[in-house]
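Report on the structure given below.
The values are calculated or read from the model by the stated rules, or taken from the named source; none is laboratory data. Keep in mind the model is a prediction, meaning the values are calculated, not measured. Every residue, glycine among them, receives a Cβ derived from its backbone with ideal geometry; neighbour counts consider all protein chains shown.
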Amino acid sequence: MGNVYIVQKRWAEAEQVLKEVTGYELMPRYADVFELANKNGPESIFEIQFKDGNEGLHSSFFYTFLVQPITAEETTAITGIPEVARTIEGYNIPTPDIMEAYEPGDVRKDVSVGFVTAHGISYPYIKKYCHAHTQSGKTGDNWPVYRYAEVLLFIAEALNEQGKTEEALVYLNRVRSRALLPVSSASTQSDVREAIIKERRVELAFENKRWLDLVRTGSAEQVMKSYGERVKANPSAYYFPDGFSVAPTAFTDIRILFPLPASEAALSPYF
């Protein structure tokens, strides 16, 4: 409900319901949050459950996000189990932009991003979903949906938008402290607003929050078009092979709303 109020910019109501979320706490270390032994731990509010093994309950985020093509031996180097070559397509490879978004000394960077050799070239990969498992393609990592760290950042945002900027900084700095970062230097409402969104980007990296943040803050079109310009100007920096890039029309028509599901559209005579 607090998330809904945040999107609707009903800041006072958001503050009220989010402060009612009690009984949770930040794990001592950021890395602890994603360890398999800490599933549904004290920081977890809601996560989608998966189980290692052959019961059909496994996850595979690590493999979906892994850069491809990659040989079996190169994948085994980071998983430690027998692997197969993967040659289809890798998704969600950390960009230079997210790598640069971390402040010096931010411990979340090494927890979230690692490096793997694929066909002799070093690439970043999403490390926070890479944990010990017994069979290739079948991991036991849960998917985080809501963590207490996000509650703290939501409260900070709700407070700041009501002009309670000093109180907002208390919540923001609780998240930064766990990342071993100094307190935020932001002081004005505008600066704190920007600092909170930046903090969400790195605290919740690769947890499917960024696009929703861009949309609700009205910055999706500007950010994505600017990103597209950087990719087109230097495609090799974004992992395109020599001579390849995105289509010229890519990143020119940024669609803010999700399309209607086909099953729903089929119920209407107007589609």
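Quick notes
- Hey, Leu169 of a type outside the set (Gly, Ala, Ser), modelled with pLDDT of 95 or more and closer than 30 Å to Ser59 by Cα or not: no
- Among residues of segment 159-176 being in contact (Cβ under 8 Å) with a residue 40 or more places away in the chain and within 15 Å of Tyr30 (Cα to Cα), the one that is nearest to the chain's Cα centre (by Cα) is Val175.
- Candidate set from segment 212-271 (those that are aromatic (Phe, Trp, Tyr) and part of a loop (DSSP other than H, G, I, E, B)); member that is surrounded by the fewest Cβ atoms within 10 Å (Cβ to Cβ): Tyr270
- Selection of first residues in segment 53-72 that are outside the structural domain of Glu207 (by TED's automatic domain parsing) and of second residues that are outside any loop (DSSP other than H, G, I, E, B) and of a type in the set (D, E, K, R), restricted to Cβ pairs under 6 Å at least 6 apart or on distinct chains, gives the following pairs, ordered by first then second residue: His58/Lys138; Gln68/Arg86; Ile70/Arg86.
- Qualifying residue in segment 32-54 (condition: under 16 Å from Tyr125 (Cβ atoms) and outside any strand (DSSP E or B)): yes
- Selection within segment 51-62 - crowded, with 18+ Cβ neighbours inside 10 Å and at pLDDT 95 or above: His58, Ser59
- A Cβ distance below 8 Å, combined with a sequence gap of six or more or placement on separate chains, defines the contacts here; from segment 21-37, residues that are assigned by TED's automatic domain parsing to the domain that holds His58 reach no residue that is in a loop (DSSP other than H, G, I, E, B).
- Looking only at segment 177-210, and only at residues there that are under 18 Å from Lys127 (Cβ atoms) and free of Cβ contacts under 8 Å to residues at least 40 places away in the same chain, the one that is farthest from the chain's Cα centre (by Cα): Arg210
- Residue within segment 188-209 that is assigned to a helix (DSSP H, G or I), farther than 22 Å from Ala101 by Cβ and among the β-branched types (Val, Ile, Thr) present: no
- Taken as a whole, segment 126-133 holds at least one residue that is under 15 Å from the mean Cα position of the chain (by Cα), more than 24 Å from Asn54 (Cβ to Cβ) and among the hydrophobic types (A, V, I, L, M, F, W, C).
- Residue in segment 107-117 that is touching a Ser or Thr at 6+ places or on another chain (Cβ under 8 Å), more than 21 Å from Val202 (Cα to Cα), surrounded by 17 or more Cβ atoms within 10 Å (Cβ to Cβ) and not acidic (Asp, Glu) present: no
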